[in-house]
Amino acid sequence: MALLTKQTRHFVADTYLSFIFWTVLISLGLCIWYFPLWHMGISGYEALLLSDIAPVLLGIGPLRRLLRHHRGISALLGLVGVFAYAAQDPLQRLVLVAVGTAGVMLSLASVLYEDRVPATGRLDRDIQAWEAGLLLSIAVRMFFQTNNPVWATMNEVNGGWNKTGIFFGIVALLDVVTRRSDAQAEVREAKKKDLAVPVQGKKPEAAWLPAAFGFGALLFALHSMYSDSAIIGRWTWDGYPHTGPQPVPWGGLVLMVLAGGFSVGHRIELTTGMLWWGVGSICAGLVTFVSGWTGFIPGLILAFYLGSITRSILRVLARCPPGRTFFVGIMWYNILVLGHVWVVAYEFVPGGPLLRERTWVVMIAVMLSLYGGVRSARASLVSRSGDVRHETASIQAATVARADRHRARSVFWTFVVAGWAAMFMRFPAATKTPTPYRPEQRLIT
């Protein structure tokens, strides 16, 4: 009955709430984009992009303590972004999604800060759930032709499963609010069971500024390049006839290599090395400048690289002051998002000529930021001899950590199998020659 253990139930709930994180964060840009298209210019509502900097509020001590000990508050705010589908007015829907974005960002920041104590292994479980949530989001979008059925823009008419998503969200929320949220209590319990506990003395401080930039770049790269299985394949397409990989079925490789990267993330001494960063940087350049399969394969290696460093960057992020670190990191993420929009900006857009057709500028900024993040992680988490720092050498703690990794990998690869199942289900339709709905009219609509 191992599948029904308390830890497994908590992990499944956290994975679903992480799925909500990626759902709401991605839908914010989707909802914002409606307004400049409708107004044919800057509408002003684009300012709601800044709703994601809500973790700056964690710099306020009483609020930080409130959210640390009552995780259900921020989780509930995140679900508002899913409930937003019920709003008929686009502006009301956007505001609700912005509230949800603030909620999921607050939840991520407060959870990492609360569970930063390394004694219980909760931090690694939080990170594994965040990674699993991204894989679940990608797999779900594979089934729904790149749509997420619980986006605020979806409904019963266009194939949305919003009510189902809200139901599972409430179930996951109930699991969160009914579990013990005090990590210090688990530290005391760990001491009784001879698990690993923090060493006494001065806590090693992490360099918060490079960690913040690294997190912003990581979040941007995962969102803009790998939150959907078809993105990298389309990046390497430069016109007709298309000679590169088709999204169906080869998008399944994206999900597979991301899961592979997440699966080796605990090898911090390897993933934070200069050589591995160099490999990632070369692949970033190739996927930016090279077309077809020759560009797609480096894109897959880059996905593996990003997955492998995710745990290191989030672990060092948890050691940093939450308010200012998340504020800088998310602001950098926002700047990269805007820069990635500006590479296709029209000439009349303010600053449009500066970045137009210069995706390589954004990619250089991303890889340099990731370098700062992984070097900060290495300095904080890896000793001079090249070994990962451990607070104690408890055999029981190592056994618990291995069990957690095994559980996470099982979930990762379950989602990979589901994604490939979606690819093969869609493959027959994807290989058919498109035909018009009314061929007798000889119109393209």
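Data table
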| item | result |
| --- | --- |
| Test for residue 262: is it under 18 Å from the mean Cα position of the chain (by Cα) and either open to solvent by 20 Å² or more (accessible area, probe 1.4 Å) or farther than 25 Å from residue 404 by Cα (or both) | no |
| Any hit, segment 114-127, residues being of a type in the set (Gly, Ala, Ser) and assigned to a helix (DSSP H, G or I) | no |
| Among (1) within 27 Å of residue 48 (Cα to Cα); (2) crowded, with 24+ Cβ neighbours inside 10 Å - the single one residue 140 does not satisfy | (2) |
| Residue check, residue 279 of a type in the set (A, V, I, L, M), crowded, with 23+ Cβ neighbours inside 10 Å and assigned to a helix (DSSP H, G or I) | no |
| Subset of segment 394-436 that is among the aromatic types (Phe, Trp, Tyr) and either modelled with pLDDT under 75 or open to solvent by less than 60 Å² (accessible area, probe 1.4 Å) (or both) - its residue that is nearest to residue 258 (Cα to Cα) | 412 |
| Hey, residue 345 out of contact with any Gly (no Cβ under 6 Å at 6 or more places or on another chain) and either at pLDDT below 95 or within 24 Å of residue 137 (Cβ to Cβ) (or both) or not | no |
| Residue within segment 302-309 that is modelled with pLDDT under 95, open to solvent by 10 Å² or more (accessible area, probe 1.4 Å) and closer than 19 Å to residue 369 by Cα present | no |
| Some residue of segment 102-113 being more than 18 Å from the chain's Cα centre (by Cα) and surrounded by 20 or more Cβ atoms within 10 Å (Cβ to Cβ) | no |
| Unmet criterion (only one of (1) modelled with pLDDT of 90 or more; (2) open to solvent by 50 Å² or more (accessible area, probe 1.4 Å); (3) of a type outside the set (Asp, Glu)) for residue 27 | (2) |
| Answer residue from segment 282-301, given it is open to solvent by 60 Å² or more (accessible area, probe 1.4 Å) and touching a Gly at 6+ places or on another chain (Cβ under 9 Å) and is nearest to residue 112 (Cα to Cα) among those | 301 |
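The rows are residues; the columns are (1) of a type in the set (Lys, Arg); (2) under 25 Å from residue 404 (Cβ atoms); (3) at pLDDT 90 or above; (4) open to solvent by 20 Å² or more (accessible area, probe 1.4 Å).
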site: 1; (1), (2), (3), (4): no, yes, no, yes
site: 11; (1), (2), (3), (4): no, yes, yes, no
site: 14; (1), (2), (3), (4): no, yes, yes, yes
site: 37; (1), (2), (3), (4): no, no, no, yes
site: 70; (1), (2), (3), (4): no, yes, no, yes
site: 78; (1), (2), (3), (4): no, yes, yes, no
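The values are calculated or read from the model by the stated rules, or taken from the named source; none is laboratory data. Quick caveat: nothing in here was measured; it's all calculated off a predicted structure. Every residue, glycine among them, receives a Cβ derived from its backbone with ideal geometry; neighbour counts consider all protein chains shown. Please note that ligands, DNA and RNA were not included when accessible areas were found on the heavy atoms of the full protein model with its side chains. Shrake-Rupley method; radii C 1.70, N 1.55, O 1.52, S 1.80 Å.
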